[in-house]
Amino acid sequence: MAFNRTLNGVRHRTSAQDRFYTPPCVVNTCVKMVTDFVNKNIENDVADMIWFEPFKGAGAFYNQFPCHQENKRWTEIDLGRNFLEFNEEVDIICTNPPFSILNEVFEKIVKLDAPIVLLLIGVMNLTKNRYHIMEDAGYKIVKIHFCDIKGWFGINQCVMWVKDELLDEDYDPPITHSGRNLIKKPDGSAYTHV
């Protein structure tokens, strides 16, 4: 019953109200996922890499970036810096994006071409099309961490993508899939994607 009230509230809202500030413990998890990967797999010092927070808000992610101050970048629409207009080169994007513009977020991330991307998104927000946007741009998911955040809708996940060129040839991702064409027509050919 409460679930139906929540869905009806979302369906009948007059404006997007998707500002959910991330608890510090979840931000710690996200930042640690990135730093652990960099420390294990990349020769760069994580402090020398350029970290970017597209939706700064109160700075939950930005303030925990483990890099030199001059290597931190941010945008925040309420402070006159629109993520969709940002075009600087960055090494790492780490954020909790608003779900009302997720398609635009994925498209912009691909254009920015950051080698490492970590997004905190709802489990249901990682759609097939969004997954393929990243895959087609040369990203692989290297880690997912599930979060049950009190007061947030459903289960959320910290999803970390890394560009193919950062991964060793023999890199064996902990997450695998069977490709885009799981279901075949009787003649053996693939169904067309819609």
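The values are calculated or read from the model by the stated rules, or taken from the named source; none is laboratory data. What you see is a predicted model, and the numbers here were worked out from it, not measured in a lab. Every residue, glycine as well, gets a Cβ built from its backbone with ideal geometry; the counts of neighbours run over all protein chains shown. Quick note on the areas: whole protein, heavy atoms, side chains included, nothing else; ligands and nucleic acids left out. Shrake-Rupley method; radii C 1.70, N 1.55, O 1.52, S 1.80 Å.
In whole percents, the pair-distance distribution calculated for the stretch 65-114 from its alpha-carbon pairs, binned every 10 Å from zero, is 20, 60, 20, 0. In this simple spin-label approximation, A58 and I144 carry label points 7 Å from Cα along the Cα→Cβ vector, and these lie 2.9 nm apart. Summed over the residues of the stretch 41-174 and divided among them, the accessible surface reaches 51 Å² per residue at a probe radius of 1.4 Å. On a per residue basis, the convex hull of the C-alpha atoms belonging to the stretch 45-131 measures out at 101 Å³. Straight-line reach only, C-alpha to C-alpha below 19 angstrom: list the lysines that K56 could link to, leaving out same-chain residues fewer than 8 apart. Reachable lysines: K32, K72, K108.
Computed over every Cα-Cα pair of the stretch 80-160 and binned at 10 Å starting from 0, the pair-distance distribution P(r) comes out as 16, 54, 26, 3 percent. When every Cα-Cα distance of the stretch 113-162 is counted in 10 angstrom steps from zero, the calculated P(r) takes the values 26, 53, 19, 2 percent. Remark on T75: its backbone amide H falls under 5 Å from those of E53, F55, K56, a criterion applied only to residues 5 or more positions apart or on other chains, H modelled at 1.01 Å from N. In a DSSP loop and with at most 15 other Cβ atoms within 10 Å, the GluC sites (Glu not before Pro) in the stretch 58-88 are E88. The C-alpha radius of gyration of the stretch 16-171, expressed as a fraction of 2.2 N^0.38 Å, stands at 0.97.
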